[in-house]
Amino acid sequence: MKLVTFRYNAQEQVGVMTQDLTAVIPLKAMGFDYACMNCLIETASKEELSKISETAKQSADKAIAMKDVELQAPIPRPMQDIVCVGRNYVDHIKEGARFRLTDFDATDKPSVYFSKRVNRAVPCGGFIEAHADVDEQLDYEAELGVIIGKDAYKVSKESAGEYVFGYTIINDVSARRTQNAHKQWYMGKSFDGFTPMGPWIVTADEFASFPPSLTVQSKVNGELRQNTNTDLMIYSVPHIISELTSGMTLLAGSVIATGTPAGVGMGFVPPKFLKPGDVVECIISDIGTLVNTVR
C-alpha cells in the first residue's frame, strides 16, 4: 500500500494511491478518520492497515485524479528531527575523503549518526532552495528512508522489522561548505527546503524480506550519478534500529535516513554541485522516484 499526504479543496488529507498511480483515494472517503500521516502511524494497528488496504481496492469510485490534487511530502512535518546515518557506503566514504583531502579509513569505525532539522519536508515536484547567498556548494544525496511504526526502545536486530511502518525516499540535500566549515553536519544539512521526501510511504508488508534489497539511484538532468544496492550498506537497517534504541526511544513516526552511496556532486573531479534549474531524481526500486528542481 502506498500512502500519501495531499491537499484537495484547501484541505490536507491522507490517502492511498490507486494501483496504476493515477489517482488517490482519501481515507476519509473510505470511512477512516485520520487527520494526518503521523496520526495514522501512531494509532493504526496492523489489522487497521490491512482493512484500509482492502477497502481501497473496492473504492475506485472514490478516487481523485492526481492532476486535481497537490501532493505533499508523506510526512510534511516530522515529529522530531530526522535521524541520519553518515558514511554508510564504503565508496561514499572514499569520495568524501578525497573531497576533504583527508585519508580514507573505513575499518572498524563506529557508525556515525547526526540529525537533520526539517521545517517542512519538500514534496515530489517541489523545489530545493539553493541558498546560494549562504553556500554555493549545493549537493544531493539519495537515501532510503525508514519510518518507525511504534515506539521503539532496546530493540534487538532480530525483532527490528516489527517496528518498521514503511519506507520512503529522502534526498539529504547538503550545503557542503557550511557542513565542512562547522566540523559537524547539522547546519549544513538543515537549511529550509533541504529535505525532499516521497513521493509516498510504501508500507512494510509490501516487501518480501527484511531488510529489503533495493536499488538506490540518483540522476541530475537525466545523468545517472548514484547507482548501488542497499545490500552494500555497512550498517544494515536492523543494526541501525537496534543500535539507536539501545539507549534512546524512537517514537512512532520517527524517520531514519540510512545513508547515501557514492556519486554525489562533491565526489566528482571537479565537483558537480547543483545550480538553479537542475532537476534531481532520486530513485529506489519498489518505492518510486522523487523528483525536485533547484531554484
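Table for the structure above
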{"read-out": "Qualifying residue in the range 273-280 (condition: in contact with a helix residue (DSSP H, G or I) (Cβ under 8 Å, 6 or more places away or on another chain), of a type outside the set (G, A, S) and open to solvent by 30 Å² or more (accessible area, probe 1.4 Å))", "value": "yes"}
{"read-out": "Failed condition for E223, given (1) at pLDDT 95 or above; (2) closer than 17 Å to K157 by Cβ; (3) open to solvent by 60 Å² or more (accessible area, probe 1.4 Å)", "value": "(2)"}
{"read-out": "Hits in the range 1-53 - residues which are hydroxyl-bearing (S, T, Y), in a helix (DSSP H, G or I) and open to solvent by 70 Å² or more (accessible area, probe 1.4 Å)", "value": "T43"}
{"read-out": "Of all residues making up the range 208-237, the number that are assigned to a loop (DSSP other than H, G, I, E, B) and closer than 17 Å to L144 by Cβ", "value": "11"}
{"read-out": "Residue selected from the range 251-261 under the condition aliphatic (A, V, I, L, M) and within 19 Å of T195 (Cα to Cα), by the criterion surrounded by the fewest Cβ atoms within 10 Å (Cβ to Cβ)", "value": "I256"}
{"read-out": "Failed condition for M248, given (1) open to solvent by 50 Å² or more (accessible area, probe 1.4 Å); (2) farther than 22 Å from G86 by Cβ", "value": "(2)"}
{"read-out": "Residues located in the range 63-88, provided they are assigned to a loop (DSSP other than H, G, I, E, B), open to solvent by less than 30 Å² (accessible area, probe 1.4 Å) and out of contact with any Lys or Arg (no Cβ under 7 Å at 6 or more places or on another chain)", "value": "A73, P74, I75, P78, N88"}
{"read-out": "Residue among V264, V269 that alone is open to solvent by less than 50 Å² (accessible area, probe 1.4 Å) and of a type outside the set (S, T, Y)", "value": "V264"}
{"read-out": "Filter result (part of a loop (DSSP other than H, G, I, E, B), polar (S, T, N, Q) and more than 20 Å from S159 (Cβ to Cβ)) within the range 238-295", "value": "T260, S285"}
{"read-out": "Number of positions in the range 151-199 that are part of a loop (DSSP other than H, G, I, E, B) and buried (at least 17 other Cβ atoms within 10 Å of the Cβ)", "value": "9"}
{"read-out": "Members of the range 8-29 found to be out of contact with any Ser or Thr (no Cβ under 7 Å at 6 or more places or on another chain), over 18 Å from D61 (Cβ atoms) and among the hydrophobic types (A, V, I, L, M, F, W, C), listed by number", "value": "A10"}
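The values are calculated or read from the model by the stated rules, or taken from the named source; none is laboratory data. Everything numeric here is computed off the predicted structure, so don't read it as measured data. FYI the Cβ positions are ideal-geometry reconstructions off the backbone, even for glycines, and counts take in every protein chain you see. What goes into the accessible areas is simple: the full protein's heavy atoms, side chains included, and nothing from ligands, DNA or RNA. Shrake-Rupley method; radii C 1.70, N 1.55, O 1.52, S 1.80 Å.
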